[in-house]
1. What is the angle, in °, between the Cα long axis of helix 80-97 and the longest principal axis of the Cα atoms in the chain? Nearest 10 is fine, range 0 to 90.
2. Just to confirm the number: angle between the C-alpha axis of helix 99-112 and the first principal axis of the chain, 0 to 90 degrees, nearest 10?
3. Among Q126, L137, A96, flag the residue with its Cα farthest along the positive direction of the charge dipole of the chain, charges on Cβ as +1 for Lys/Arg and -1 for Asp/Glu.
4. Helix 155-170 sits at what angle to the longest principal axis of the chain, using alpha carbons and giving 0 to 90 degrees rounded to 10?
5. Once Rh for the chain is found with the Kirkwood sum over Cα pairs, what is the Stokes-Einstein diffusion coefficient at 4 °C and 1.567 mPa s, in µm²/s?
6. Given +1 on the Cβ of Lys and Arg, -1 on the Cβ of Asp and Glu, and no further charges, what dipole in debye does the chain carry about its Cα centre, rounded to the nearest 20?
7. Percent relative contact order of the chain, based on C-alpha pairs within less than 8 angstrom and at least six residues apart?
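Every read-out reported here was derived from the displayed coordinates using simple, explicitly stated rules and does not represent laboratory data. Being a predicted model, the structure only gives us computed values, none of them experimental. For neighbour counting, all protein chains shown are included, and Cβ atoms are generated from backbone atoms with ideal geometry for every residue, glycine included.
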Amino acid sequence: MGNREDLLAGARRCLEDKGWARTTVRDITAASGGVSMAAIGYHFGSREALLNAALVEAIDEWGSEIGRRLAGFGDAGASPASRYEAMWDAIIGSFATHRALWAASIEALAQAEHADDLRRRLADAQAEGRRGLAALLSGVSEDAVDEDAARALGSVQLALLSGLATQWLTDPDRAPTGADMVAGLRRLAGLVDIDRA
């Protein structure tokens with residue numbers, strides 16, 4: 001790997017180990033195998049820009065990984081509700097294996113209030129996530145998802161995902177399961193009387 005790739009890998013390790021705010025330039029250079037501090041400025045411009053790039057890269061990789069795991073989620077003969085429950089159980093399972101990533105992403109959201117570049121990068125990642133979730137649920141490729149589906153279906157799923165991640169990070173023992181997600185959506189549908197809307 002070159003210095004740029006080493007810095008990205010080191011920054012990702014630091015995000016996992018120390019979090020966003022506590023990661024220093026020295027931490028990143030040490031985690032990257034001794035790449036010079038000046039290389040951060042040369043390749044990324046700043047510590048913040050490097051952490052932004054590392055976080056977005058990690059989120060993209062998680063999205064691709066979870067997309068592969070969920071392709072054709074659930075038993076093909078199962079009901080749509082059973083497949084949806086299986087999808088959420090797989091996502092919830094990924095929280096345990098990617099806890100540090102989720103914690104860093106929530107920490108980054110707070111940082112984004114004061115960092116326009118980070119806010120733009122996170123917004124772009126969310127747009128991709130909406131499209132990917134809509135494609136997954138619709139059983140089509142991301143290219144086949146129109147803007148309405150991405151906005152309606154993908155946005156709601158992303159909201160559920162973000163909220164679930166926050167609950168799971170705070171209290172995994174009482175966070176909803178896939179079955180809870182399905183039961184909750186059924187109750188919600190009954191409250192808003194979707195068929196008459």
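1. 20
2. 80
3. The residue sitting farthest along the positive end of the dipole is A96.
4. Between helix and principal axis, roughly 70 degrees.
5. Translational D for this selection: 71 µm²/s.
6. In total the dipole reaches around 340 debye.
7. 20
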